[in-house]
Amino acid sequence: MIRFSTVVASLRTSEIRDLMGLAIRPDIISFAGGMPGNELFPVQEIDDIYAALSRDVKQTAFQYGPTTGYPPLLESLQDYLKSRGLPAGRNRLMITTGSLQAINILGKIFIDPGDLVVTENPCFIGAISAFNSYQGKLRGVDLDDDGIEVNALDGVLKQLHERPPKFVYLTPNFHNPAGTLYSNQRKYDVAEVLTKHNQLLIEDDAYGELYFDEEARKIVVPMKALYEEQLTICYTGTFSKILGPGFRLGWMLVPPEIFQKAELCKQSMDACSPNFTQVLANEFLRSGKIYPYLERLRKTYRQRKDLTVAAIREYFPKEVTWTEPRGGFYIWLKLPPQLDVIGVLKASVEKGAIFVIGRTFDPEGKDNGHLRLAYSNTTEDKIERGIQIIAESLKADMAASHRM
Ligand SMILES: Cc1ncc(COP(=O)(O)O)c(C=O)c1O
């Protein structure tokens, strides 16, 4: 008799996940995964970096390392984060195995079964799963074009004041899946509300470096850099969307008392993050190779976004609405209410294109009125055809629902 834990026993594979499994045909045009473009990875730079390492450092790369990170990388990353205005000060930096591990560890530190957690609605699916795995109860607050709806956030926190949530989890820069960039005013208003309710903030900044224009560059300043004095903020970031998820390197920048607990959790999870990729990431930062590389990424993702937006304008039914992203990987589209989004997904997959439906990102698992397109991993030659296929499926479904 196999006796699973309560948490694992309640995990179910979804219809959508099964459908995604079918979508690995080589000819399928995918707007599904939130993945960087394969052609963009700095393969040559990393080849050169590895070749130039001393034998000693190569041996270190193969070895276990300290739980909290490879010391030279901690130092170079700290400098890099300082250049983004992030406060080293009292805070401590820990390297994690992807930023999903940082989010997972923070979930483990704070959530007891049944505890409330406030997130945006929609929300990054990895965070939803991590918080659910500790049996947190998620409460989603809607986003508008400037960020989380601040009156709604205030309302929820007031309503929950007798048993306040353990933390609020937000992604202010180029949100996954909504693409939203929080305005400066909204960040200020959110900080005021969180301060008033004495709430801990987990700020996820996976996409902040991938802005498309100068104005957006000025806005991507993390809340951790702006409101450190008035709020307790656990800041997470990652190399996944820049260097590549195969590095499995992320980080958290947190106050020392949280750092201590996080270190204990990480020790039992994986002892340390891969030393091999930490050595490479450190050289990539120190050598300054990262700066021209980031410029290249911004340019290419902007181009892919422009092509996707142009094709949506041309082919999608006018009833589908969306906001043009100013950075990151995603466009989030709102569908007319009568539309069967799962039917549209099935039809698109049959014809050769795939996306992710909105319900995947709803912390309460209800949304059926949105879809997410990730343009980051779709090469320029495929974007128009892929969008045409999805547009045809949308139009066919709308025509059918009008006939009913
Ligand atoms: C908002 C957000 N945070 C965190 C992550 C986690 O990425 P990783 O664990 O590869 O750092 C992702 C990946 O899709 C993401 O979209």
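The values are calculated or read from the model by the stated rules, or taken from the named source; none is laboratory data. None of the values given here were measured: they were computed from a predicted structure. Every residue, glycine as well, gets a Cβ built from its backbone with ideal geometry; the counts of neighbours run over all protein chains shown.
When residue 2 is tested against the conditions (1) aliphatic (A, V, I, L, M); (2) farther than 29 Å from residue 303 by Cα; (3) over 25 Å from the mean Cα position of the chain (by Cα); (4) modelled with pLDDT of 95 or more, the lone failure is (4). The set of residues in region 196-243 being basic (Lys, Arg) and within 16 Å of the ligand (Cβ to nearest atom) consists of 224, 241. Mind checking whether some residue in region 291-301 is more than 16 Å from the ligand (Cβ to nearest atom), of a type in the set (A, V, I, L, M) and closer than 30 Å to residue 398 by Cα? The answer is no; no qualifying residue exists. Highlighted here are the helices (runs of 4 or more DSSP H) found entirely within region 258-365 that include at least 2 residues which are within 19 Å of residue 100 (Cβ to Cβ), assigned by TED's automatic domain parsing to the domain that holds residue 217 and modelled with pLDDT of 95 or more: 275-286. All of 359, 385 fail the test of being more than 18 Å from residue 181 (Cα to Cα) and surrounded by fewer than 19 Cβ atoms within 10 Å (Cβ to Cβ), apart from 385.
Entry remark, region 100-118: residues being under 20 Å from residue 238 (Cβ atoms) and crowded, with 24+ Cβ neighbours inside 10 Å number 6 in total. On inspection, residue 382 fails the criterion of being basic (Lys, Arg), free of Cβ contacts under 8 Å to residues at least 60 places away in the same chain and either outside the structural domain of residue 145 (by TED's automatic domain parsing) or in contact with a helix residue (DSSP H, G or I) (Cβ under 9 Å, 6 or more places away or on another chain) (or both). Summed over region 131-140, the residues that are among the hydrophobic types (A, V, I, L, M, F, W, C) and buried (at least 23 other Cβ atoms within 10 Å of the Cβ) give a count of 1.
Being in the same structural domain as residue 94 (by TED's automatic domain parsing) and under 30 Å from residue 289 (Cβ atoms) narrows it down to one residue among 172, 165, 177; which is it?
Within the list 172, 165, 177, the selection yields 172.
For region 7-27, the count of residues that are out of contact with any Ser or Thr (no Cβ under 7 Å at 6 or more places or on another chain) and modelled with pLDDT of 90 or more is zero.
Among the criteria (1) away from the ligand (no atom under 16 Å from the Cβ); (2) surrounded by 15 or more Cβ atoms within 10 Å (Cβ to Cβ); (3) in contact (Cβ under 8 Å) with a residue 12 or more places away in the chain, the one residue 152 does not fulfil is (3).
Checked against the criteria, residue 107 does not count as within 15 Å of the ligand (Cβ to nearest atom) and at positive phi.
Out of curiosity, is residue 101 outside the structural domain of residue 331 (by TED's automatic domain parsing) and either in contact with a His (Cβ under 7 Å, 6 or more places away or on another chain) or within 16 Å of the ligand (Cβ to nearest atom) (or both)? Against the criterion (outside the structural domain of residue 331 (by TED's automatic domain parsing) and either in contact with a His (Cβ under 7 Å, 6 or more places away or on another chain) or within 16 Å of the ligand (Cβ to nearest atom) (or both)), residue 101 qualifies. Kindly indicate whether residue 143 is assigned by TED's automatic domain parsing to the domain that holds residue 235, within 16 Å of the ligand (Cβ to nearest atom) and either surrounded by 18 or more Cβ atoms within 10 Å (Cβ to Cβ) or of a type in the set (A, V, I, L, M) (or both). Yes: the conditions hold for residue 143. Screening region 324-356 for residues that are of a type in the set (Lys, Arg) and surrounded by fewer than 20 Cβ atoms within 10 Å (Cβ to Cβ) and picking the one that is farthest from the chain's Cα centre (by Cα) gives 351.
With respect to (1) in a helix (DSSP H, G or I); (2) at pLDDT 95 or above; (3) closer than 21 Å to residue 365 by Cα, the lone exception for residue 158 is condition (3).
Return a yes/no flag: does region 95-106 have any residue that is at pLDDT below 95 and among the aliphatic types (A, V, I, L, M). Can you show your working first?
Going through region 95-106, the residues at pLDDT below 95 turn out to be none.
No, the conditions are met nowhere in region 95-106.
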